[in-house]
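A short write-up of the structure that comes next.
The values are calculated or read from the model by the stated rules, or taken from the named source; none is laboratory data. This structure is a prediction, so every number in the text was calculated from the model and none was measured. Note that each Cβ is placed from the backbone with ideal geometry, even for glycine, and that neighbours are counted across all protein chains shown.
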Number of protein chains: 2
Amino acid sequence: MESLPKEETLQLRLRHYGPSCKLFFKESPIKIVRAEGQYMYDEQGNQYLDCINNVAHVGHCHPTVVKACTEQMSVLNTNSRFLHDNLVTYAKRLTATLPEKLSVCYFVNSGSEANDLALRLARTYTGNYDVVVMDNGYHGHVSSLIDISPYKFNHTGGEGQKPFVHLVPVPDVYRGLYRENVPDVGKKYAMEVKHTIDGARRRGRKIAAFIHESLQSCGGQIIPPRGYLREVYKHTREAGAVCIADEVQVGFGRVGSHFWAFQAVGDEACPDIVSMGKPIGNGHPMSAVITTPEIAEAFGATGMEYFNTFGGNPVSCAIGLAVMDVIDKEDLMGNASRVGNYLMEGFRKLGEKHSIIGDVRGLGFFIGIDLVKDKTSREPATAEAQHIIYRMKERFILLSTDGPHRNVLKLKGPMCFNIKDADRVLINLDQVLTEIEAASSNNRLEQLPYRKDVHSKRSGPVFTGSRTLSHDALFGNIKRPSDNDSDDEEAKRQKSWAGVD
Amino acid sequence: MESLPKEETLQLRLRHYGPSCKLFFKESPIKIVRAEGQYMYDEQGNQYLDCINNVAHVGHCHPTVVKACTEQMSVLNTNSRFLHDNLVTYAKRLTATLPEKLSVCYFVNSGSEANDLALRLARTYTGNYDVVVMDNGYHGHVSSLIDISPYKFNHTGGEGQKPFVHLVPVPDVYRGLYRENVPDVGKKYAMEVKHTIDGARRRGRKIAAFIHESLQSCGGQIIPPRGYLREVYKHTREAGAVCIADEVQVGFGRVGSHFWAFQAVGDEACPDIVSMGKPIGNGHPMSAVITTPEIAEAFGATGMEYFNTFGGNPVSCAIGLAVMDVIDKEDLMGNASRVGNYLMEGFRKLGEKHSIIGDVRGLGFFIGIDLVKDKTSREPATAEAQHIIYRMKERFILLSTDGPHRNVLKLKGPMCFNIKDADRVLINLDQVLTEIEAASSNNRLEQLPYRKDVHSKRSGPVFTGSRTLSHDALFGNIKRPSDNDSDDEEAKRQKSWAGVD
């Protein structure tokens, strides 16, 4: 599976691949040669626990998905200008997960293509151009989306805010403008949106859309407070604009309680356009936009054809259907809730011991741990966060950081993550935090050995401890799915995997 | 393979899929359930000869490609932030087909993503924004590309030309500003580009790029005259801009003589950025941009990361490598030359008999037949062209039309198209043209039965004639690859296909 020595792979990459395309852990990049479920393996056979790849939604290399791809690819793969059952079956299945008015699909190839099309739909329907976006938001890498992504345009290499873009504050109750103790905090944040819209309109700007990640991801794993979305949607529509929920990062059941994250924030708010991506094909390049008949008809009425060469091909649709099958069959939403809640309880427990853990937030298996230098000032612990992900990587656990201060540890791994995996994360994180705190208290953080250590070779995972012992010692009082339940789930999943090959 | 009755497929599509997404032959859309090589099959088992799907480049469902996908997908499919041999091996292989200076790749998911990134590279490198584009050009469906595609912005539903876009005439020696009898016609068209650039600069505009389809496709299958590209590139660079060759439609050996179409027009001109797409993965959603180290470094130097979730994943790269393997192993470039030249000779021969054929042009298996009402005035035969493709479809041959007047029949099918297939096209087209001419000469074109007939059911291909007899009767004096050669090629191809499964 490895055909080149790692150093040669790296050298060829430096010569032939765009330097803007970054590697994880640039000090000591990882070469992954295979993966299965929630585990990835490097060229030396080391097993990494994958807490970050939300694209491998139903598990790396899930055989149901591989089989669906192979079978359809052997029979037909062509464009959507021909009628095909897969396209319509998938469209019907996908729209069935959404409120009834969201019934018209467009199948495209990436989250970026989806959000670009979502903007075109909104602009055509409203006849307006301007866009209201959340600060720190990220919606994609094509030109039109970098323009509306503060995560890009307000950072290194960015061109700054364009006149047709209007920023609203992130509804972050831990670090934002209004915090957890403010009454009606959702409405307060929503009023900020109204003020922004009203101000823009007074200056003669015409708003086409409010676009938001249903849960902000790159911006720091933010869960908007109850009441926010409903109010914001109301203000947006009063201004003649439409509401776009970007579910690219968080859709397809990750939040556990619902299939879509916008449904999970307690507001019963319904967007006019939903964009989806990453997990939709478990790694296969595909994505979708779903909207209302009214918006689709307005877009169609211009007479301009929308043709997407690969979008909606029968292979992509077969894969999309397989992913939905697996989510159902393996109860991955239930699993996301169980494991996600268990992890969050565990992290909160760690927070009682480690002062660096400022906030633990999430829904299902979409979790952020906001690291702070001080629990009162909430000053972001950026350097520490970087150190932690390097140290966890040495322990063969893949984590990453995000948020404007890069101090939020994020967990959004494959949805088949289990309780044992969760324990492995909790135990190792506990050890790494203990190490960090010792160094910090002696002002030795800079001398921590991560830059030296990452080049050292290890032959296997560091974590080998007994789950029960370690778990009980550390997290004995956390309510935890019984071993039987957990093992049953795992057995069921394994069986389901094995059954299809 | 068909799970729904055709009418139900159509009704579900009307309900759940964007009305902007058009079907081929909207009067009587085709439901395709399987395909192999250059043949597609509908739900009734009718075999269609596919002359139009340039995406299924090495043949529909080629087993080498399916196998490469399945094998890699079973082992690992993840993003390019991890090191992987497939990415670097593919980058090395792809850049080896290009002039040495084009050595840095970006892997993305569609031609549109590729051209959007190409624009970003050009704009960042030059610090300029404006773009010079060819009239009737088409570069993709995302917002930034509709802005620079006259095929879109100047037609139904388009928003017209924006101030940063500068149009130059299509170097079409049959129908354009300067025609085949003008001396130095390539240079004359190039001077038009220079005038446009100079004019824009005098108005204070700063040009980032000249972007062109190496051979214009939607614009009417246009082959630029010798001398054009070299001169245009010179003028472009003198203005501080870069040259982008859009090979999305025409790359990967379709032109037969060269791997890239920009290499085939006789100018030894080398672009600064090449975008590729459609055929690259034989239908798998993938694409690429390749540029020089200088441009890549300038783009990297901004510090903004370029991350494309699916781009460069090991499955896409494995598929890309497999496609290149098949092109080599089955000598598909040689085949494109042989079959393409044979077809063009045949069409020219038909042109002696049928006055509707105004011009036959092409390179390899990229062919346009410009249909005219009158050979002298060259008035486009638009209605006739539409009629022809419907009649050919009834004869189970898939053709389409393009060009600003929709009067150019285009052929750009799978590269495994053979001489027998070519004869099938020639013979059926001859019959359809004879029918059309009879109707036209009696002013009965409007009453031709295609709107009625398309709903009739047929149980098999109309063409059943003996190839040798029909061929000799019609095209006896065309130099033709010997039956032995042709059969050898076919046998070799079949063997190669069979060998991998």
Next item on the list: Only residues in the stretch A:115-128 that are within 8 Å of A:Ser144 (Cβ to Cβ) and free of Cβ contacts under 8 Å to residues at least 40 places away in the same chain count as the first member; pair them with residues that are of a type in the set (A, V, I, L, M, F, W, C) and part of a helix (DSSP H, G or I), Cβ under 7 angstrom, at least 6 apart or cross-chain, and list the lot.
Entry: A:Asp116/A:Leu145
Checklist line | Test: A:Thr156 is outside the structural domain of A:Lys375 (by TED's automatic domain parsing), over 17 Å from the mean Cα position of the chain (by Cα), polar (S, T, N, Q) and surrounded by fewer than 18 Cβ atoms within 10 Å (Cβ to Cβ) | finding: yes
Check: Restricting to the stretch A:292-319, what's the tally of residues that are in a helix (DSSP H, G or I) and more than 8 Å from every other protein chain (Cβ to nearest Cβ)?
Finding: 9
Next item on the list: Need at least 1 residues that are modelled with pLDDT of 95 or more and buried (at least 24 other Cβ atoms within 10 Å of the Cβ) per element, so show me which strands (runs of 3 or more DSSP E) inside the stretch A:340-417 make the cut, counting only ones lying wholly within it.
Entry: A:357-363, A:366-371, A:408-411
Note to self: assigned to a strand (DSSP E or B), touching a residue at least 24 places away in the same chain (Cβ under 8 Å) and among the polar types (S, T, N, Q): which single residue out of A:Ser275, A:Ser337 fits that description?
What the structure shows: A:Ser275
Margin query: Please verify whether B:Ser74 is touching an Asp or Glu at 6+ places or on another chain (Cβ under 6 Å) and free of Cβ contacts under 8 Å to residues at least 24 places away in the same chain, treating the condition exactly as stated.
Written below: no
Notebook entry, point to check: What are the residues in the stretch B:85-113 that are among the small types (Gly, Ala, Ser) and not in a loop (DSSP other than H, G, I, E, B), if any?
Noted result: B:Ala91, B:Gly111, B:Ser112
Next item on the list: Filter the stretch B:226-253 for residues that are out of contact with any Cys (no Cβ under 8 Å at 6 or more places or on another chain) and farther than 30 Å from B:Val58 by Cα and give the result.
Entry: B:Gly227, B:Tyr228, B:Arg230, B:Glu231, B:Lys234, B:His235, B:Glu238, B:Ala239, B:Gly240, B:Ala241, B:Val242
Check: Of all residues in the stretch A:105-120, which are in contact with a helix residue (DSSP H, G or I) (Cβ under 8 Å, 6 or more places away or on another chain) and closer than 13 Å to A:Pro271 by Cα?
Finding: none
Check: So is B:Ser337 more than 30 Å from A:Val33 (Cα to Cα), within 14 Å of chain A (Cβ to nearest Cβ) and among the hydroxyl-bearing types (Ser, Thr, Tyr) or not?
Finding: no
Checklist line | Subset tally (residues that are more than 7 Å from every other protein chain (Cβ to nearest Cβ), buried (at least 24 other Cβ atoms within 10 Å of the Cβ) and not in a loop (DSSP other than H, G, I, E, B)) for the stretch A:61-82 | finding: 3
Check: For B:Ala35, which of the numbered conditions (1) more than 7 Å from every other protein chain (Cβ to nearest Cβ); (2) not in a loop (DSSP other than H, G, I, E, B) fails to hold?
Finding: (1)
Margin query: Among the residues in the stretch A:88-109, are any within 30 Å of A:Tyr41 (Cα to Cα) and of a type in the set (S, T, N, Q)?
Written below: yes
Next item on the list: Kindly indicate whether B:Arg93 is out of contact with any strand residue (DSSP E or B) (no Cβ under 6 Å at 6 or more places or on another chain), within 30 Å of B:Cys270 (Cα to Cα) and surrounded by fewer than 19 Cβ atoms within 10 Å (Cβ to Cβ).
Entry: yes
Next item on the list: Would you check which residues across the stretch B:278-291 are facing chain A (nearest Cβ under 7 Å) and not in a loop (DSSP other than H, G, I, E, B) and list them?
Entry: B:Lys278
Next item on the list: Give the residue, chosen from B:Tyr174, B:Tyr106, B:Tyr189, B:Tyr138, that is touching a residue at least 24 places away in the same chain (Cβ under 8 Å), of a type in the set (Phe, Trp, Tyr) and closer than 30 Å to A:Ala301 by Cβ.
Entry: B:Tyr138
Next item on the list: Of all residues in the stretch A:109-153, count the ones that are more than 9 Å from chain B (Cβ to nearest Cβ), within 21 Å of the chain's Cα centre (by Cα) and of a type in the set (S, T, N, Q).
Entry: 3
Note to self: Anything in the stretch B:6-30 that is surrounded by fewer than 18 Cβ atoms within 10 Å (Cβ to Cβ) and either more than 10 Å from chain A (Cβ to nearest Cβ) or not in a loop (DSSP other than H, G, I, E, B) (or both)? List them, or say none.
What the structure shows: B:Lys6, B:Glu7, B:Glu8, B:Leu10, B:Gln11, B:Leu14, B:Arg15, B:Glu27, B:Ser28
